[in-house]
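Just so it is clear, none of the values below were taken in a lab; they were calculated from the coordinates. Being a predicted model, the structure only gives us computed values, none of them experimental. Glycine also receives a Cβ, built like all others from the backbone with ideal geometry; neighbour counts cover every protein chain displayed.
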Amino acid sequence: MTVSIRSRLLLLVLSVLLPAIAAALWVISQTPISAMTPAVQQVALGALLLVVLAVFGSLWMARRISAPMHALKHAAARLQAGEPVARNITGIVECDAVAAALAAAADGLRRSRAELEREVAAAVIRTRESEQRISRSQHIEALGRLTGGVAHEFNNLLGVISNSAYLMQRHATAAEFQAPLAATLRAVDVGSRLTQQLLRLAAQQPVCARPVDLADALHELRDLLQAVMGARTEVTVAVAAGTPRVTVDANELELALTNLSLNARDAMPLGGHLRLQARRAHADEVPDLPAGNFVLITVSDDGLGIDDDAAGRVFEPFFTTKEAGQGTGLSLAQVMGFCVQAGGTARLTSTEGLGTTVSLLLPACEEAPALAAMSPRTPEHSIDGARLLLVEDNDDLAEVTEALLSRLGCEVQRAADPQGALRLIADEPAFDVVLSDIKMPGGMDGLGLARVLRELCPDLPVVLISGYAEQPADHDDFVMLDKPCPPTKLIAALHEAIEGPAAHH
Ligand SMILES: Nc1ncnc2c1ncn2[C@@H]1O[C@H](COP(=O)(O)OP(=O)(O)OP(=O)(O)O)[C@@H](O)[C@H]1O
Ligand SMILES: [Mg+2]
């Protein structure tokens, strides 16, 4: 049964007073009114007064107690609705303690709700950013593949032109052909540099990777970058102690950092600060990369910055906000290609008016791998009389290369694929050297052929040539050449493979 405080108090007071009042009434009732002395009359009046006072007193008391109770009920309702609860002082110790507990609970609840909302919002932002990064990197990857494919085809064409022009130059009798032929070779040279650049940004260019100590590399580069940036910009380098080495092509790293510095210079026309920093990356800084240790290199400027829309596109090949003739839009694509080829990635964060930071994430090299092989670079050599097996799937390039090598005194046999090459070697095992393209259709590529030959005929040197190579893990066991390869370099490499100890394994 539920009874209100007011009723309880009333009952309590009446139960205490009732016997006394009853006794007083009984005494009065035994006495006739005429015989009532003034004293009895006073007792009767007093009893009546007492009853009235007791009733009003209990009502007042009940009111004093129930008001704080209502306040507590109100506070509990606010707590339930998630609203702030005031810490009311009621004057009743127990009620004040409950009110304080309710107010504290409301505070705690509000804090944890705000915390939860913050965490949910941060998780949503992280997911969105990750999705954007993935779709951006897929877009750039697709552009890179396209660029790489075009550059590969272009390289083969340049190879045909280069070898043909070289042949004609050596044997053309008419003097008037010499100048156009020299111009052709120069144009091929320029073209091949362009294709190298395109292949580099498509991360498909052969690289000469070795472990690089960033403390050495960045400090050595500082003076060069200071010269690039000019006196109005201060260049600082900070490499954290214990930063692991990275396995990269040192020239490509230098090119990437120079490209980033040039961008920073353009973004700081009045000068400023350029900071190069390197340290081990934290696990939460490499969300979309395969597991492993990474090194973070950042290049920061306090220049003009770039808006969010443009920042999302900067790594796309040919994206530039500069005026025609001022920028090609290839530098950041090179930076991304370099990082991807090394097994990492690149990111750009920018705040308009405050500056830009480009971060390179590169896999840490915890152990020291073997040093990369030298690339043959010697003056013209004779390969007269060498029996050479040429493995090349592009007919035009094979034809012109065969013609070139035959003119130089080589006895050339051709195979269009590794299987054909293996058949020829089985029939006639007297070759002095094998010259093979790396990228070939079908199951086995040039590198696979080279590995099989190392098992079958360990004394037969193999020279690999490609402009489309992914860096094979054990490439330094073979001589590697870039395509298109200038004939003098090709001859030197073949000569060294046949004669020199460096190419034999
Ligand atoms: N540090 C930077 N501050 C502000 N914007 C930058 C910065 N670095 C790059 N950008 C923006 O990214 C775009 C692309 O840069 P990227 O280096 O690839 O090409 P580019 O500098 O325009 O031309 P180039 O190929 O000659 O270097 C730039 O046009 C510029 O808008
Ligand atoms: Mg640039």
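Things to note:
- Fraction of antiparallel bridges per DSSP, the chain only, in percent to nearest 5: 55
- Value of [θ]222 nm, deg cm²/dmol, for the chain, DSSP H segments ≥ 4, -39500 (n - 2.57) each, nearest 500: -18500 deg cm²/dmol
- Sorted on the mean count of surrounding Cβ atoms within 10 Å across their residues, most packed first, peptides 146-158, 308-320 read 146-158, 308-320.
- Between 0 and 90 degrees, the angle of helix 487-499 with respect to the longest Cα principal axis of the chain falls at about 80 degrees.
- Segment 211-320 shape via C-alpha gyration tensor axes, a/c threshold 1.5: oblate
- Whether the chain is rounded, prolate or oblate, judged on the alpha carbon gyration tensor where a/c under 1.5 counts as rounded: prolate
- Nearest-ten-degree value, helix 331-341 long axis tilted from longest Cα axis of the chain: 90
- For the chain: relative contact order, % (alpha-carbon pairs under 8 angstrom, 6 or more apart): 12
- Prolate/oblate/rounded label for segment 5-80 (Cα gyration tensor, a/c 1.5): prolate
- Per-peptide average of other Cβ atoms within 10 Å, ordering 214-227, 483-496 highest first: 483-496, 214-227
- Compared with the dominant Cα axis of the chain, that is its longest principal axis, helix 250-267 is turned about 60°.
- 16 Å Cα-Cα reach of Lys483 towards lysines, excluding residues that sit fewer than 8 places from it in its own chain: Lys439
- Neighbour counts of C-beta atoms inside 10 Å place Leu10, Leu116 in the sequence Leu116, Leu10, starting with the fewest.
- Amide H to amide H, with H built 1.01 Å from N, Leu330 comes under 5 Å of Phe318, counting only residues 5 or more places away or on other chains.
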